[in-house]
Amino acid sequence: MLGLEAADPRGLNWLNLAETVRAGRLPTSAVVAVVTAAAERSQQTVVRRTILSDASWKRRRDTVSAAVGDRVLRLATVVALARYVWHGDVEGAREFLMHPSRQLGGHTPLQCSIDTAGVRAVEDLLLDILYEFAA
């Protein structure tokens, strides 16, 4: 989802990823990869703005700050879970992410994915959907 290759010979794992984000070493390419995964081309600028402002995007370097990296990671986990729930259907997952939900107070799952509590609410909703489908 992040478009990263494992620099560590042990592979890509949560601890290595957390260290990379905290150190401000997450590449800007990860922002592009997550935004591309989350939305159709026509909506990608809107989604990218939930992660960082236009001004920050224009002056970006090779990596993003720890705060931006954390938002990217949150969004990536939501996108990955949505794709899992929709059995790999990219368009189905994108539609879920971009449309307001009554269960999320009329906000879209992407809008809710900017902070930890919002991510948990979206994950709960996705898990409810998953288990309802499985029943």
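Each reported figure results from applying straightforward, stated rules to the coordinates on display, with no laboratory input. All values reported here derive from a predicted model rather than from experimental measurement. Here the Cβ is made from the backbone with ideal geometry for all residues, glycine too, and neighbour counts use every protein chain on show.
On the given criteria, is residue 97 closer than 14 Å to residue 21 by Cα and surrounded by 15 or more Cβ atoms within 10 Å (Cβ to Cβ)? No; evaluated as a whole, the condition is false for this residue. Within the option set 50, 36, being among the polar types (S, T, N, Q), in contact with a helix residue (DSSP H, G or I) (Cβ under 8 Å, 6 or more places away or on another chain), in contact (Cβ under 8 Å) with a residue 12 or more places away in the chain and under 28 Å from residue 95 (Cβ atoms) holds for one residue only, 50. Taking the criterion of being over 16 Å from the mean Cα position of the chain (by Cα) and of a type in the set (Val, Ile, Thr), the only residue of the stretch 53-101 that qualifies is 63.
Residue check: is residue 55 touching a Leu at 6+ places or on another chain (Cβ under 8 Å) and either in a helix (DSSP H, G or I) or in contact (Cβ under 8 Å) with a residue 24 or more places away in the chain (or both)? Against the criterion (touching a Leu at 6+ places or on another chain (Cβ under 8 Å) and either in a helix (DSSP H, G or I) or in contact (Cβ under 8 Å) with a residue 24 or more places away in the chain (or both)), residue 55 does not qualify. Just a yes or no: is a residue in the stretch 64-78 under 22 Å from residue 131 (Cβ atoms), assigned to a helix (DSSP H, G or I) and not basic (Lys, Arg)? Checking the stretch 64-78: at least one residue is under 22 Å from residue 131 (Cβ atoms), assigned to a helix (DSSP H, G or I) and not basic (Lys, Arg).
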